[in-house]
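Here the structure is laid out as structure tokens; the discussion comes afterwards.
The values are calculated or read from the model by the stated rules, or taken from the named source; none is laboratory data. These figures come from a predicted structure and were not determined experimentally. Glycine also receives a Cβ, built like all others from the backbone with ideal geometry; neighbour counts cover every protein chain displayed.
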Amino acid sequence: MHGRVEEARALIAAARQVVVLTGSGISAESGIPTFRGAGGLWKGMRVEDFATPEGFNRRPLEVWNWYTRRRAELEDSRPNSGHVALAEMQRHVEARGGSFVLATQNIDGLHQVAGSTGVLELHGTLRTARCQACPRRQPMPAQPADALPPCPDCGAPLRPDVVWFGEALPEDVLIAATDAASRCDVFVSVGTSAVVYPAAGLVEWALSAGAKAVEVNLEPTPISRLVDVPLHGKAGEILPQLVPEPSQ
Ligand code: BJW
Ligand code: ZN
């Protein structure tokens, strides 16, 4: 494992363009549950009820309040050493004139709190709600509601500003992530089961453009056999070891 960590660090230290894709595993050490697997957010729940537009249309208030509860839990969450390492990695790559793009499937905003900039939020954000009818966005409340709040501009009901199954990802964000993946030298996948598309396809864009790929995940995933350097362990322990030394 040690040698493989060195190998990954050397790839990142030499890269001109680095793309990192993160998933819920990077926030697990901040106390935010992942989705799948034992102890996951969806354990005992039907995904179709809470993560699809149909589920929201069937039981809007129940889904809305599931998100207000998650918003409230975020108040006590802080970035962990994995988030901090990625912010440092960005500063390092940019300081030597390279480009660094961080695309995340997470809606918790912890990368930005840790200091990452230009983060591409592929699945939206828990920090805002949006109107179902007009462009209005406003802070997502952390208190449960008795009725779905109306949009102050047009009166239509608000919804969480996230991307559910069957919905398109924000077009500009997806284009930016795909472009960056297709141009990078090194692609790093962190804390994701790599099963949800189109995010899970970004590594394939990178590999087919000739990039080297690194995976940091607690357990093997469908992309483990595709990547050059699979690293299995906690993101909060491995990522700090991948940040190049200041002189590198
Ligand atoms: C650690 C760790 C530690 C733990 N350190 N690691 C058939 C084939 C292909 C695609 C499809 C298909 N049928 C349908 C589709 C499309 C569908 C899809 O991909 N489905 C698959 C599941 C089959 N995709 C979509 O619908 C997307 N939209 C789309 O395709 O639109 C097309 C379209 C175009 C034009 C018009 C209309 C439509 C949208 C996907 C949206 C996903 N949304 C969610 C919910 C967001 C809001 C919320 O948070 O509530 O996003 S679902 C959920 O999964 C969430 C996550 O971002 C996403 C990914 O999960 P993630 O982050 O990977 O979490 P886990 O739990 O799965 O994995 C965590 C990993 O971390 C594990 O491996 C652990 O081991 C590891 N770990 N601790 C390191 N300390
Ligand atoms: Zn509105």
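What to note about this one:
- All conditions but one from (1) surrounded by 17 or more Cβ atoms within 10 Å (Cβ to Cβ); (2) more than 16 Å from ligand 2 (Cβ to nearest atom) apply to Phe165; the one that does not is (1).
- Annotation note: Cβ proximity below 7 Å between a residue of the stretch 139-158 that is within 20 Å of Glu73 (Cα to Cα) and within 16 Å of ligand 1 (Cβ to nearest atom) and a residue that is of a type in the set (A, V, I, L, M) and outside any loop (DSSP other than H, G, I, E, B) (sequence gap 6+ or interchain) occurs for Met140/Leu126; Met140/Ala129; Ala142/Ala72.
- Failed condition for Ser116, given (1) on the phi < 0 side of the Ramachandran plot; (2) surrounded by fewer than 23 Cβ atoms within 10 Å (Cβ to Cβ); (3) assigned to a loop (DSSP other than H, G, I, E, B): (2)
- Sole exception among (1) over 20 Å from Thr125 (Cβ atoms); (2) under 16 Å from the mean Cα position of the chain (by Cα) for Ser30, by number: (1)
- Restricting attention to the stretch 129-148, the residues being within 13 Å of ligand 2 (Cβ to nearest atom) and surrounded by 13 or more Cβ atoms within 10 Å (Cβ to Cβ) number 9.
- Among (1) within 16 Å of ligand 2 (Cβ to nearest atom); (2) surrounded by 19 or more Cβ atoms within 10 Å (Cβ to Cβ), the one test that Ile12 misses: (1)
- Scanning the stretch 138-185 for residues that are of a type in the set (Gly, Ala, Ser) and in a loop (DSSP other than H, G, I, E, B) turns up Ala142, Ala145, Ala147, Gly155, Ala156, Gly166, Ala168.
- Filter pass, Val173 being more than 10 Å from ligand 1 (Cβ to nearest atom), touching a Lys or Arg at 6+ places or on another chain (Cβ under 8 Å), in the same structural domain as Asp108 (by TED's automatic domain parsing) and of a type in the set (Val, Ile, Thr): no
- Residue match in the stretch 77-87 (condition: assigned to a helix (DSSP H, G or I), of a type in the set (Val, Ile, Thr) and more than 14 Å from the chain's Cα centre (by Cα)): yes
- Search result, residues across the stretch 21-73 that are hydrophobic (A, V, I, L, M, F, W, C), more than 23 Å from Tyr197 (Cβ to Cβ) and away from ligand 2 (no atom under 16 Å from the Cβ): Ala38, Leu61, Trp66, Ala72
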